[in-house]
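The values are calculated or read from the model by the stated rules, or taken from the named source; none is laboratory data. Quick caveat: nothing in here was measured; it's all calculated off a predicted structure. Quick reminder, even Gly has a Cβ in these numbers, built from the backbone with ideal geometry, and neighbours come from all protein chains shown. We work out accessible area using only protein heavy atoms, side chains counted, and drop any ligands, DNA or RNA first. Shrake-Rupley method; radii C 1.70, N 1.55, O 1.52, S 1.80 Å.
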Amino acid sequence: MLRKLWFQVILGMVLGVLSGLLLSPNAFALIPKDIALEIAPWVALVGNIFLALIKMVVIPLVMSSIILGITSAENTETLKTLGLKIAPYFVFTTIVAVTIGIFISYMINPGDFVSSDILTNISNSQIVAKSIEPVQNISIPDMIVSLIPINVSKAELDGNILFFVILAIFVGVALMNMHNDDAKPMKDLARSFQAFSMTIVKWAMKLAPYAVFGLLCNITIKIGFDAISSMAMYIFTVLFGLFLLLCFYLILVYFFGGVKPLIFLSKIKEVQLMAFSTSSSAAVMPLSMKTAEEKLNIPTPISKFVIPLGATVNMDGTALYQVCAAIFLTQLFGVDLDLIDIIILAITTVGASIGAPSTPGVGIVILATILQSIGVPVEGVALILGVDRILDMCRTTINVTGDLTASLVMKHFVEISSKSMKVAKKIQELG
């Protein structure tokens with residue numbers, strides 16, 4: 001058992017939290033506060049190196065996986081089925097996530113459980129406010145055109161992985177429509193890039209247990225008990241919403257994938273643990289694809305297309321968190337939302353969560369943009385910064401669970417489409 005990655009990750013998580021509590025000025029405080037805060041970044045060093053290695057290869061890994069996923073499809077009908085089903089599916093599950101978030105936020109009213117005096121203790125508000133650029137009014141046609149990756153260098157600098165996903169889809173579809181001799185060199189290049197990326201990921205995974213220890217120890221040193229206890233009802237609201245979203249996924253898995261919920265959770269536990277500890281869908285993507293193919297029996301074309309795409313655009317957990325946080329802050333600041341405001345909030349959240357970079361902390365920036373649209377002071381984001389990393393870990397776990405669920409659902413649709421084609425072909429032959 002000691003050799004199994006999931007056990008090593010759990011051990012790293014437990015030891016990281018315990019060590020952090022012992023060192024934290026807001027918990028047991030075994031050492032002076034200044035020394036503890038000096039130690040924290042050094043403890044997190046291995047974890048940050050781990051995340052940096054993943055970020056380094058995420059673009060070639062995403063692009064090569066999508067290109068190979070598209071080109072490995074047995075026929076264009078499979079590709080058409082995936083393309084026509086996956087986009088509405090992602091939008092549908094995101095809408096479900098946002099609806100759950102709105103419902104439980106108004107059912108629990110977490111903002112009523114926090115004293116308004118706590119607003120006077122908000123720190124780092126200016127830093128948060130400065131990091132948010134004003135929302136630009138862009139027409140929908142211009143927004144659609146802007147999705148086409150014209151400036152790849154700028155997209156890389158901005159961390160816009162969605163551009164590279166769209167570029168990879170264009171490349172993959174183009175290769176399928178090219179003569180095999182012309183397409184082969186580029187396919188071989190994509191395989192080489194994927195092999196290179198997976199080698200780096202393999203090296204990074206050896207650091208995973210130590211990375212988990214360092215990242216959790218670092219954040220526990222900084223937040224201790226105080227931040228968690230003062231925001232307990234808000235944390236509970238988000239976690240309860242994520243649990244309901246997980247139940248929704250398990251229903252989809254059972255009815256569309258034919259897999260019992262507990263068996264599904266057992267098969268994907270390593271992926272969930274890694275997502276929880278790293279807070280990065282990108283970091284978990286190689287393990288997600290491996291789990292999908294080896295444990296869930298997802299065909300390679302589906303796993304290599306759906307999971308990299310899902311890691312970029314299927315952010316249901318993030319969408320739920322954002323809407324819960326936004327409503328929590330409206331309750332705290334006394335901002336009343338009517339039905340139209342809630343609908344606008346829901347639409348904004350769905351749009352903002354699609355294409356968000358699959359790296360830790362990005363939800364905060366997106367949330368600040370959403371808050372501006374409904375009249376909540378951006379400084380309110382500073383209030384939830386203390387517990388954001390904990391919730392980031394939880395919502396990332398749900399995000400990757402959603403990607404694996406999507407793979408099972410898409411497998412179901414592709415199989416139905418394939419059977420329908422065979423039946424139609426037999427009818428045609430008999431006719």
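The lysines whose alpha-carbon is closer than 22 Å to the alpha-carbon of LYS269, local same-chain residues fewer than 8 away aside, are LYS4, LYS202, LYS206, LYS260, LYS290, LYS295, LYS304, LYS411. A protection proxy built from the mean count of other Cβ atoms within 10 Å ranks the segments 57-64, 240-247, most packed first, as 57-64, 240-247. Solvent exposure of the stretch 215-300 amounts to 40 Å² per residue of accessible area, where only protein heavy atoms count and the probe is 1.4 Å. Of the accessible area of the stretch 162-279, computed with a 1.4 Å probe over protein heavy atoms only, carbon and sulfur atoms account for 72 percent.
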